[in-house]
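Data first, discussion second: the structure below is written as C-alpha cells.
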Number of protein chains: 2
Amino acid sequence: MAAQLVDEVGTNEFTMRLLAERLHSSAAMLYRHVASKDELMVYVVDRLLAEVTEAPGDKRPQSWQDAARRIAMRFHRALSQHPNVLPLLAAQVPIGPNGLAVREQTIGTLVQLGLPPRLAARAYTTIAQYIVGFAALESNSPTAAHASAIASYYRELDTDTYPHTVAAADALTGTPLEDEFAEGLQLILDGIDRARRKR
Amino acid sequence: MAAQLVDEVGTNEFTMRLLAERLHSSAAMLYRHVASKDELMVYVVDRLLAEVTEAPGDKRPQSWQDAARRIAMRFHRALSQHPNVLPLLAAQVPIGPNGLAVREQTIGTLVQLGLPPRLAARAYTTIAQYIVGFAALESNSPTAAHASAIASYYRELDTDTYPHTVAAADALTGTPLEDEFAEGLQLILDGIDRARRKR
DNA sequence: ACCTGAACACCGTTCAAGT
DNA sequence: ACCTGAACACCGTTCAAGT
C-alpha cells in the first residue's frame, strides 16, 4: 500500500517505480488504478485522516471544548505516528472522503454542543491549522533527522542580535512538547469561548 | 533573481535550467553560488520574509494586540502578493536571516508591550501558523487556478451526508475573505489575552 | 581560473509490443 | 484484454573539457 511506503521511506524517496516493485508489479500498471502520483498522494493523506475519524465506541463528549480537544489529540497523534505524511498535508487541503468526514463530524458535534455554526466552522479550520503547524514545528525538534544542520545554524546566532528568540528557545526547552501542544490549543479554545459569549 | 521566477512560474515549473537561462548563464554555474536547489528555496522564502520586517518609518504600536495585528497584516499581504511562495513556506521552518529577524522583532515588541516572554513566543508561533494556514485555505478559493477541479469535487457532495460542511460553506461565502482573516486572528488574540490575565 | 556542454542517474508518464 | 519493457521528455547535479 502507498501509505505504508510513504511512512517507510518518506515523501522524497517515494517513487512510482518503487511502489510498483513493492507490489510486484510495474510502474505502468499503477496508472490503471490512479491518474497520477498527485492523486495517489491524496489517497495517502486520506488514509491518515481515517485515523482521526470518531470510533464507534467513543463516549460522547461533555462539552464543545472536550470534543475539540479530543479530535485535536487524535489528529495530533495520527501525525506523530505518520510524520512523513506532514509535507503532503501542508501542501493539500484534504479533499478525500475521510477529510470531509472528519470535518463534518467535528463541526456537527461542536454545533450540537452549543457552538454557533459559523463559529464552529471557523474553530475547526483554526484548530486544524494549528495542529499541522505545530507538527511542522515538532518535526524540527532535536529528535528529527535534519536536526544537526539546523542546530548548527542556530548555534551561530548571537545572543545579542537575537536576545528574545534565544530566551524564548531556552524557556520552551524546559517544557515537554506534549504540554506545549495542549497549552497552545487551550489558547485557541479560550479565544473561541470568548467569541461565543460575545454573541 | 530566483524569487521573481518563483512568483512568475510557480514552484512546480521552477527549474535550475530555467533560472540559468533567465540569468543568461548555465545551470552548472548556479552551483557555484548555492549548494542545492533546496538552499535556493530557503533564500526565496527569506526574500518574502524581508517584506514582513518592520519598516523604519512605522509608528510605534500602542498595545501588543496592535503590534500583533500589524505584523499579521504585513505577513498576510506579503503572502497575497507572492502566493507561489506558500508551498515553500509550508514545507520549511524559515531559518533565513529575515525569518529570524521577523521573529526577533515581533517577540521583542510583544514583550516590551507587556506580554510575558514565554507567552509572546507562543503567540508568535501560533499567529504565524494561522497566517500560513489561512493562506493555504485562500489559495483554494474560487479565484485560484485549480478551482474548477475542486469545485466539481464539492459539487458532488450530498447536503444530506455533509450538512454542516455545506451549511458552513454557505455561511462563509457571505463574508469577504479579508474579514474572515481578521476575525480568526481576533479569536487567537483573545485567547492570548485571557492567558495573559490568568497569570 | 572560470565557464560550459554533455553526461549521469534519476523522475513521472506513455505506449508499442508482447502474451 | 491485460501487462510489460522500453522509451520520452524531463529533472538536479557533476565533471571533463574547453577558453
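The values are calculated or read from the model by the stated rules, or taken from the named source; none is laboratory data. Fair warning: this is a prediction, and the values are worked out from it, not measured in the lab. Don't worry about glycine lacking a Cβ; one is built from the backbone with ideal geometry, like all the others, and counts go over all protein chains shown.
Looking at (1) assigned to a helix (DSSP H, G or I); (2) without any contact (Cβ under 8 Å) to a residue 24 or more places away in the chain, find the lone condition where A:V93 falls short.
For A:V93, the failing item is (1).
For the range A:67-86, indicate whether the set of residues that are part of a loop (DSSP other than H, G, I, E, B) and either within 16 Å of DNA strand D (Cβ to nearest atom) or within 14 Å of chain B (Cβ to nearest Cβ) (or both) is non-empty.
Within the range A:67-86, none of the residues are part of a loop (DSSP other than H, G, I, E, B) and either within 16 Å of DNA strand D (Cβ to nearest atom) or within 14 Å of chain B (Cβ to nearest Cβ) (or both).
Output yes when any residue across the range A:169-176 is facing chain B (nearest Cβ under 7 Å), modelled with pLDDT under 90 and closer than 25 Å to B:L110 by Cβ, and no when none is.
Yes, the range A:169-176 contains a residue that is facing chain B (nearest Cβ under 7 Å), modelled with pLDDT under 90 and closer than 25 Å to B:L110 by Cβ.
Return the only residue of A:A35, A:A50 being out of contact with any helix residue (DSSP H, G or I) (no Cβ under 9 Å at 6 or more places or on another chain) and hydrophobic (A, V, I, L, M, F, W, C).
The unique qualifying residue is A:A35.
Take the residues of the range A:184-193 that are at the interface with chain B (Cβ under 7 Å from one of its Cβ atoms) and within 14 Å of B:K198 (Cα to Cα): which is surrounded by the fewest Cβ atoms within 10 Å (Cβ to Cβ)?
Here the residue is A:D190.
Being near DNA strand C (Cβ under 7 Å from one of its atoms) and more than 27 Å from the chain's Cα centre (by Cα) is the filter here; which residues of the range A:28-45 pass it?
Correct list: A:A28, A:Y31.
Being of a type in the set (A, V, I, L, M, F, W, C), crowded, with 22+ Cβ neighbours inside 10 Å and part of a helix (DSSP H, G or I) is the filter here, so list the residues in the range A:106-118 that pass it.
Of everything in the range A:106-118, those that are of a type in the set (A, V, I, L, M, F, W, C), crowded, with 22+ Cβ neighbours inside 10 Å and part of a helix (DSSP H, G or I) turn out to be A:I107, A:L110.
Do we find that B:P94 is in contact with a Lys or Arg (Cβ under 9 Å, 6 or more places away or on another chain) and closer than 22 Å to B:E8 by Cα in this structure?
Yes.
May I ask you to verify whether A:E21 is among the charged types (D, E, K, R), surrounded by 11 or more Cβ atoms within 10 Å (Cβ to Cβ), within 16 Å of DNA strand C (Cβ to nearest atom) and away from every other protein chain (no Cβ under 14 Å)?
When the stated conditions are applied, A:E21 passes them.
Failed condition for A:R103, given (1) more than 10 Å from chain B (Cβ to nearest Cβ); (2) of a type in the set (K, R); (3) crowded, with 19+ Cβ neighbours inside 10 Å, with all others met?
Unmet condition: (1).
Are there any pairs, at least 6 apart or on different chains, whose C-beta atoms fall under 7 Å, with the first in the range A:45-70 and within 25 Å of A:L187 (Cβ to Cβ) and the second hydroxyl-bearing (S, T, Y), and if so, which?
Taking only residues 6 or more apart or on different chains, the pairs are A:P61/A:T109; A:A67/A:T109.
Considering only the range B:30-65, state which residues are in a helix (DSSP H, G or I), of a type in the set (A, V, I, L, M, F, W, C) and more than 8 Å from DNA strand D (Cβ to nearest atom).
B:M41, B:V42, B:V44, B:V45, B:L48, B:L49, B:A50, B:W64
Looking at the structure I just gave you, is B:V132 part of a helix (DSSP H, G or I) and modelled with pLDDT of 90 or more?
Taking the combined requirement at face value, the residue does not satisfy it.
Can you tell me which residues in the range A:5-20 are at pLDDT 95 or above and within 13 Å of DNA strand D (Cβ to nearest atom)?
If the condition is that a residue be at pLDDT 95 or above and within 13 Å of DNA strand D (Cβ to nearest atom), then A:T15, A:M16, A:R17, A:L19, A:A20 are the ones that fit.
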